1. Can residue 109 be described as exposed (fewer than 11 other Cβ atoms within 10 Å of the Cβ) and either farther than 21 Å from residue 95 by Cβ or modelled with pLDDT of 90 or more (or both)?
2. Scan segment 13-29 and tell me whether some residue there is modelled with pLDDT of 90 or more, out of contact with any Lys or Arg (no Cβ under 6 Å at 6 or more places or on another chain) and not aromatic (Phe, Trp, Tyr).
3. Listed residues 79, 120; which is modelled with pLDDT of 95 or more and assigned by TED's automatic domain parsing to the domain that holds residue 54?
4. With respect to the numbered conditions (1) within 30 Å of residue 159 (Cβ to Cβ); (2) in a helix (DSSP H, G or I), which one is the sole condition not fulfilled by residue 116?
5. Output the residues belonging to segment 145-157 that are more than 18 Å from the chain's Cα centre (by Cα), part of a helix (DSSP H, G or I) and surrounded by 12 or more Cβ atoms within 10 Å (Cβ to Cβ).
6. Which condition does residue 69 not pass, out of (1) within 25 Å of residue 118 (Cα to Cα); (2) part of a loop (DSSP other than H, G, I, E, B); (3) at pLDDT 80 or above; (4) not hydrophobic (A, V, I, L, M, F, W, C), if it passes all the others?
7. If the requirement is being at pLDDT below 90, in the same structural domain as residue 70 (by TED's automatic domain parsing), closer than 23 Å to residue 86 by Cβ and of a type in the set (Asp, Glu), which of these qualifies: 159, 168?
8. Confirm whether residue 64 is within 26 Å of residue 168 (Cα to Cα), within 15 Å of the chain's Cα centre (by Cα) and not small (Gly, Ala, Ser).
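The values are calculated or read from the model by the stated rules, or taken from the named source; none is laboratory data. Owing to the predicted nature of the structure, the values given are computational and were not obtained by experimental measurement. All Cβ positions, glycine included, derive from the backbone under ideal geometry; neighbour counts span all protein chains shown.
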Amino acid sequence: MMLAAHEIDVALVKRAMRKTADAVVERSARMKADQTEFDRVTRSVFADPIAEGRRFFAAHGFVPVNHTYVISGDLHRERPWVALNVYKAMLAAKRHAERHLMASIPLSLVFREEYLARTREALGDDPFPYGLEPNRAVLQTVIDYSHEQGLTTEKAAVEDLFVPSVVEWAEMAQG
C-alpha cells in the first residue's frame, strides 16, 4: 500500500479501504487492505473535524463542493432541453432526500436528532444549495484556484459555468 509505505502523501481512501471492501487502486487492479494498514493511514487531517468544519463555514460561508454534473457542449447543442431537465430532476431528488432525511439517519445513532440539529445550527437548513447565486462564492473559489494552479489558462465568469436557461429558470423559481 503506497500510503503505508510513504510513497504518496495523501489519498481519499477511507471508504475504499474498509476492512471488508475491495479497494480499487486502479481500474486494472484490486487489493484488500489489512486492518493494520488501514488503521495506519486513515485518520482525520483535523483533530476536531466538526470544529474545523464550523470554522471553515463561518469564514467562507459555504461547504466545499464535492459533486457536480456536467453536460457536454455537443449534447447541449443537439438537445438544449437536457440541462434544464437534469437540473429539475436533481432538485426533485434533493427535495425527496430532504423529506426523508430523518428516516435515512441510522437508528443506531443514539443522538441522531441532535446531530441533525447541530448540523443545521452550524450550516443552516440547506448546506448544499443549488443554483448560481447561492454557490457564487464557492464557484469563484474553484475558478480562482483552477487558474492559480494552471488547470485553466484564463478565469471563466461564474455565469459562464451554467446554461442560461437553467439560470433563468432557477431565478424565476426562487423569486
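1. So residue 109 does not fit the description; no.
2. no
3. Of the residues listed, the single one that is modelled with pLDDT of 95 or more and assigned by TED's automatic domain parsing to the domain that holds residue 54 is 79.
4. Going through (1) within 30 Å of residue 159 (Cβ to Cβ); (2) in a helix (DSSP H, G or I) one by one, residue 116 breaks only (1).
5. Scanning segment 145-157 gives a single hit, 147.
6. It fails just one condition, (1).
7. Result: 168 is the single residue among 159, 168 that is at pLDDT below 90, in the same structural domain as residue 70 (by TED's automatic domain parsing), closer than 23 Å to residue 86 by Cβ and of a type in the set (Asp, Glu).
8. Yes.
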